[in-house]
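Please treat every number below as a calculation from the coordinates, not as lab data. Everything quoted here is computed from the prediction, not taken from an experiment. Note: ideal-geometry Cβ built from the backbone for every residue, glycine included; neighbour counts use all protein chains shown.
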Amino acid sequence: MEAPIKHRHLYFWLATVAVSSAIFLAGCGSGSGNSSVPRNVQVSAIYSYYGAQGKVNVPQDLSGKDNQIAALIPEADGSITTIACNSLAAGTCMIPQVPAGYYWLQQTTPYVRYLFWTNSSTFDLGQNLTGRPFDGKMVNTIFDVDLTGLYPVPNPTVVSPAPPVLANPNLLYSLFPLYTNFADATTVSGTVGGRVAPPDPSKGDTTYVYQMAPVTSIGLPSEWYYSWALTTALALPNFTVNADGNTVVRGAMSRSNPAALNFNIDGPSWGTAVGASENSLFSNLQFSASVQPFLTKFDSGNGIDLIRLDVHSPWSEPVNIFQNISATIDYDNPFPRSWPIVYEIWAYAPAGTGSFVHNSYRTTTLPSSFTPQMAPVQNPTINGASLQNPPAIANPDTPITLSWLPPIGHAPDTYSITIHIQGTSGNTTSDTILAQIVTPQTSVTIPAGLLGTGNNYYVTIGAFSATGFSATSPYRQGFPSADASVISGTFAVGPAPAVAASTGKVRMIPSGTNGKVHTIPLNMRARIP
């Protein structure tokens with residue numbers, strides 16, 4: 001968690017929008033297959049890029065090490081039979097003679113392993129992505145920045161060119177901060193260098209320079225709350241980069257489309273959803289409104305912020321996130337009107353030492369009040385024991401079964417189980433994702449051999465739903481989407497010592513009232529200073 005910002009900043013962003021990134025919001029396959037006759041399983045992986053030049057389909061290589069596909073067949077004796085996927089045409093492969101019934105479809109990448117519990121004979125691993133495909137070209141350049149027309153902020157400010165989150169940072173500019181040393185600054189200049197992916201105007205790339213400034217608020221202590229909004233921008237449709245030389249970034253910033261967003265957040269419902277206690281440390285509630293470049297139907301998981309609000313706990317002071325927030329924030333939207341605005345809210349709270357409960361919601365339709373649309377699973381267990389205090393698994397050959405009850409009042413499309421390896425070195429704790437398991441069921445037996453001996457593990461169990469979700473095309477879904485997750489304590493497999501965070505617990509979310517939590521109504525008008 002970042003330390004809170006206790007003074008005003010001016011944030012300055014430089015982004016080229018026709019780029020892309022990959023995300024993971026997975027589901028699990030399901031289908032027919034009642035016959036006892038083995039069948040061939042057809043797998044496809046076509047990435048669909050939506051950018052200035054329309055939709056571009058790019059088949060993925062399923063024959064190399066970056067995407068290894070296989071079916072894992074659980075046997076009666078607890079062992080696993082692996083059948084590899086044979087590469088066919090570009091973006092497709094076939095797994096021969098998969099027995100009838102359910103199996104694990106495994107996708108192994110250089111970073112993590114994905115396992116989908118399915119009985120389908122077809123499976124789509126494709127994705128919908130923002131921008132044009134990346135051609136792999138990177139260059140070194142020095143940016144010579146000279147901009148006027150910045151929105152003045154009554155304090156010395158930090159001007160920081162940085163990539164937004166719409167794409168892989170390697171495809172965008174990631175520059176060192178520029179600083180203004182006087183209040184009410186309307187200009188910024190300086191020189192910074194970096195390695196970037198050059199924009200190509202002939203392919204529809206438009207580079208935007210945009211300024212993020214803090215907004216004022218009423219009703220919360222400043223150390224508990226900060227927010228910012230896009231204030232001015234400059235579109236550079238013909239911008240190119242001078243490789244191995246100086247690239248001039250010059251022009252006048254302006255407000256092209258001033259707007260105001262009125263929204264309401266039902267704080268008590270979010271505090272209850274994550275099991276926060278009144279004035280707990282490290283509780284957090286965030287809200288953002290961002291444009292979703294080019295994608296009008298699909299959830300790519302990325303966007304460019306127009307507004308971001310953060311109600312959070314400082315390092316040493318408690319905070320009460322049970323706030324009813326009614327706010328109006330002024331901002332500017334310089335981007336094409338065809339780009340929808342995505343509203344996202346998420347909250348988390350501690351659920352024991354080292355553990356948290358998380359809940360989020362994303363939609364393109366502004367509701368009258370933001371309330372949670374998903375709830376955490378109930379009563380998660382490992383081999384019948386509570387995940388609040390998971391027991392050590394002495395024998396690594398012991399089958400490990402995770403079970404849970406569905407969320408109260410919600411019907412998820414799928415469940416996602418993330419297995420983490422937790423390591424320690426001195427006073428430092430490391431975290432590595434071993435695998436992500438996806439299933440529509442409320443119980444899963446971890447495939448034999450997945451958890452190695454001598455390690456400490458913990459698991460995250462998430463409930464997820466999205467409009468248009470398909471169990472056999474888990475990476476493609478639409479708005480709205482919602483998820484909620486719980487994190488277990490740590491457990492050892494084999495002769496591994498317990499780590500300090502092993503007391504971490506899952507907070508079981510009670511239904512009904514939020515108890516003695518004191519609700520503070522908050523009405524505020526937040527403006528650019």
Suppose the Debye formula is applied to equal point scatterers at every Cα of region 320-394; what is log10 I(q)/I(0) at q = 0.20 Å⁻¹? -1.06
Points 7 angstrom from Cα along the Cβ direction at Asn140 and Ala243: gap in nanometres? 1.3
Subtracting the Cα-Cα distance of Asn383 and Asp431 from 0.36 nm times their residue separation yields 14.9 nm
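Based on the mean of other beta carbon atoms within 10 Å per residue, what is the order of 372-378, 462-468, 57-63, most packed first?
Working: 372-378: 23.0, 462-468: 20.7, 57-63: 15.9.
Peptide ranking by packing, descending: 372-378, 462-468, 57-63.
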Only counting other Cβ atoms within 10 Å, I'd like Thr432, Thr460, Thr108, Thr272 sorted with the fewest neighbours first. Thr432, Thr108, Thr460, Thr272
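When Thr130, Thr187 are ordered from fewest to most other Cβ atoms inside 10 Å of their Cβ, what list results? Walk me through the numbers on the way to the answer.
Details: Thr130 26, Thr187 15.
Listing Thr130, Thr187 from fewest to most nearby Cβ atoms yields Thr187, Thr130.
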Per principal axis, largest first, the Cα atoms of region 323-455 extend in Å by 58, 39, 32
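Please work out whether region 378-503 counts as rounded, prolate or oblate from its C-alpha gyration tensor, where a ≥ b ≥ c are the square roots of the eigenvalues and a/c under 1.5 means rounded, while otherwise a/b larger than b/c means prolate and anything else oblate? The partial results should precede the final answer.
Working: a/c = 2.01, a/b = 1.83, b/c = 1.10.
Prolate, because a/c is 1.5 or more and a/b exceeds b/c.
For the peptides 131-144, 333-346, what is the packing order when you average, over each peptide's residues, the other Cβ atoms within 10 Å and list the highest mean first? Kindly include the intermediate steps, with their values, before the conclusion.
Values: 131-144: 16.2, 333-346: 18.6.
By packing density, highest mean first, the sequence is 333-346, 131-144.
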Distance-filtered residues of region 232-271 - backbone nitrogen under 17 Å, label point 7 angstrom along Gln286 Cα→Cβ: 271
First select every other residue whose beta carbon is under 10 angstrom from the beta carbon of Tyr50; then total the charges, Lys and Arg +1, Asp and Glu -1. +3
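If each residue's Cβ is checked for other Cβ atoms within 10 Å, how do Thr240, Thr247 rank with the fewest at the top? Could you put the intermediate results ahead of the total?
Details: Thr240 14, Thr247 20.
Ordered by Cβ neighbours within 10 Å, fewest first: Thr240, Thr247.
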Any idea how far apart Asn264 and Ser202 come out in nm if each label point goes 7 Å out from Cα toward Cβ? 5.4
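By its C-alpha gyration tensor, with a ≥ b ≥ c as the square roots of the eigenvalues, how is region 235-310 shaped: rounded for a/c under 1.5, else prolate for a/b larger than b/c, else oblate?
Values: a/c = 2.55, a/b = 2.28, b/c = 1.11.
Since a/c reaches 1.5 and a/b is larger than b/c, the shape of region 235-310 is classed as prolate.
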